[in-house]
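One structure below.
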Amino acid sequence: MATAAPHHTARAQADGQDEAAHAAAYEAVFDAAVAADERIEPRDWMPDAYRSTLVRQIAQHAHSEIIGMQPEANWITRAPSLRRKAILMAKVQDEAGHGLYLYSAAETLGTGRDELLDKLHTGRQKYSSIFNYPTLTWADVGAIGWLVDGAAITNQVPLCRCSYGPYARAMVRICKEESFHQRQGYELLLALSRGTPEQHEMAQDAVNRWWWPSLMMFGPPDDESSHSAQSMAWKIKRHSNDELRQRFVDICVPQAESLGLTLPDPDLVWNEERGHHDFGAIDWTEFREVLKGNGPCNEQRITQRRRAHDEGAWVREAAAAYAEKQATRAEPPAGHTDQQSNGTGSPQGDEPAGTADEHAEARA
Ligand SMILES: [Fe+2]
Ligand SMILES: [Fe+2]
C-alpha cells in the first residue's frame, strides 16, 4: 500500500505518547488504507486479529490445494487416453503449485510452512471438506473440474482484490489456472454425456454425487458464519457465503443444460422476481459430519498426506544440505576486501600488490 508517508506521520504523532495511543495511531493508518482499497503489505502494521485470520484462511486454502491432489491423482494411472492423462497430470501438478504460492503467502505473515503442515497433519487446521469424498469413476474427474474447480473460481475471483497484497497476487495466477481446470472438467463431461448411454449415465451419476458437496464449499449460511462480518470489514472477503453460492448456482444451471445433464435438485427453478434460481435446502448435518472428520475419506486423506510428508523427508534434508553448501561456497575468500570486488573502475588500476592470485581464484 502507498502509505509510507502516513506511516511516518503516525510514528511522529505517536512518539512520546503511551502504548495505547501509539497502537491507535497505527490502527488509524491501517483502517484508512483498507477503506481506500489500498493493499496491506507484509511490512505494514496490521492488527493481530487481521494477521491471524489471514494465516488461518490462507493455510486452510493451501492445505485444500495439496489434499485436493489426492482424489484426482487416484485416476492418473487409469485415464482413458494419453491426452486425458497428460491433462490430468498437468492439473494435479497445478494444484501442488497453488499450495506452494499459498504457503509462501502465509510465510509473509510470519508463520512458517513447517508449522502449518504440522497443524494439518495433527488435525489442528482444516482443509476443504469436499476432498473427503471419494472419486468412484472416471466421470468424477470431470465433475470435480466442472463443479469443484468452478466453485473454487467463484470463491476465489473476488480474493484477487483481497486487502492483503501477497494473497491477492497469488490468487490472480491461481484463478487463471483454475479456469483451465474448470474447462477441462466441462469438456470431459461433455464427451461422456454425448457418448454411449453408459458413459452418459456415468457423467450424470458423478454430477449427482458432487453437486451438493460443491454447494457446501461456500461455507455455512450467512447467519451462521462466525468469521464473515469481520472478514468483509477488512476486505479479505468481498461477498457473503450465500451470495457466492447463489452466483455459482446461476452459472451452473445453463451449463448443465448445454452438457445435457440435470442437477439433482427438484426445487431448482428460475425465480423471475429475484432474477436468480431458487434451489433446495442443503443438508448441513452431512456438512458438519464431514467437517468433524466423519466423511467417507477423511482418514485416508490425512494418512496419505502424513505418509507423503514422511517419505519426502530426505528431499527436504538434501535441499537444506545443498543450500548450506552453496552458502558456504559463496562466502568471500580470506583476505577479500570490498575494494577488490566493487566492480567499478579499472581492475588493473591502483589495487594493492599481491592480490592478483585472489582475482585468479575468484574467476576460477
Ligand atoms: Fe487449485
Ligand atoms: Fe484447480
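The values are calculated or read from the model by the stated rules, or taken from the named source; none is laboratory data. All of these numbers come straight from a predicted model, not from anything done at the bench. All Cβ positions, even for glycine, are placed from backbone atoms using ideal geometry, and neighbour counts span all protein chains on display. Only protein heavy atoms, including side chains, enter the accessible area calculation; ligands, DNA and RNA are left aside. Shrake-Rupley method; radii C 1.70, N 1.55, O 1.52, S 1.80 Å.
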**OP:** Scan the range 49-74 for residues that are open to solvent by less than 30 Å² (accessible area, probe 1.4 Å), over 24 Å from PRO296 (Cβ atoms) and not hydrophobic (A, V, I, L, M, F, W, C) and jot them down.
**Re:** TYR50, THR53
**OP:** Residues being of a type in the set (A, V, I, L, M) and at pLDDT 90 or above: count how many of those fall in the range 283-313.
**Re:** 3
Original post:
From the list ALA168, ALA152, ALA229, ALA139, which one is within 13 Å of ligand 2 (Cβ to nearest atom) and out of contact with any Gly (no Cβ under 8 Å at 6 or more places or on another chain)?
Top reply: ALA152
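Yes or no: the range 171-179 includes at least one residue that is of a type in the set (S, T, N, Q), part of a helix (DSSP H, G or I) and within 16 Å of ligand 1 (Cβ to nearest atom).
Yes, the range 171-179 has at least one match.
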Subject >> In the range 170-198, residue nearest to ALA139 (Cα to Cα) [restricted to those that are touching a residue at least 60 places away in the same chain (Cβ under 8 Å) and more than 29 Å from the chain's Cα centre (by Cα)] >> reply: SER193
**OP:** Check the range 78-99 and report whether any residue there is under 26 Å from SER226 (Cα atoms) and either more than 16 Å from ligand 2 (Cβ to nearest atom) or not hydroxyl-bearing (Ser, Thr, Tyr) (or both).
**Re:** yes
**OP:** Filter the range 109-155 down to residues that are part of a loop (DSSP other than H, G, I, E, B) and either surrounded by fewer than 18 Cβ atoms within 10 Å (Cβ to Cβ) or of a type in the set (S, T, N, Q) (or both), then give me how many there are.
**Re:** 13
**OP:** Tell me, please, whether a residue that is under 23 Å from GLN156 (Cα atoms), in contact with a helix residue (DSSP H, G or I) (Cβ under 6 Å, 6 or more places away or on another chain), of a type in the set (Val, Ile, Thr) and outside any helix (DSSP H, G or I) can be found in the range 88-95.
**Re:** no
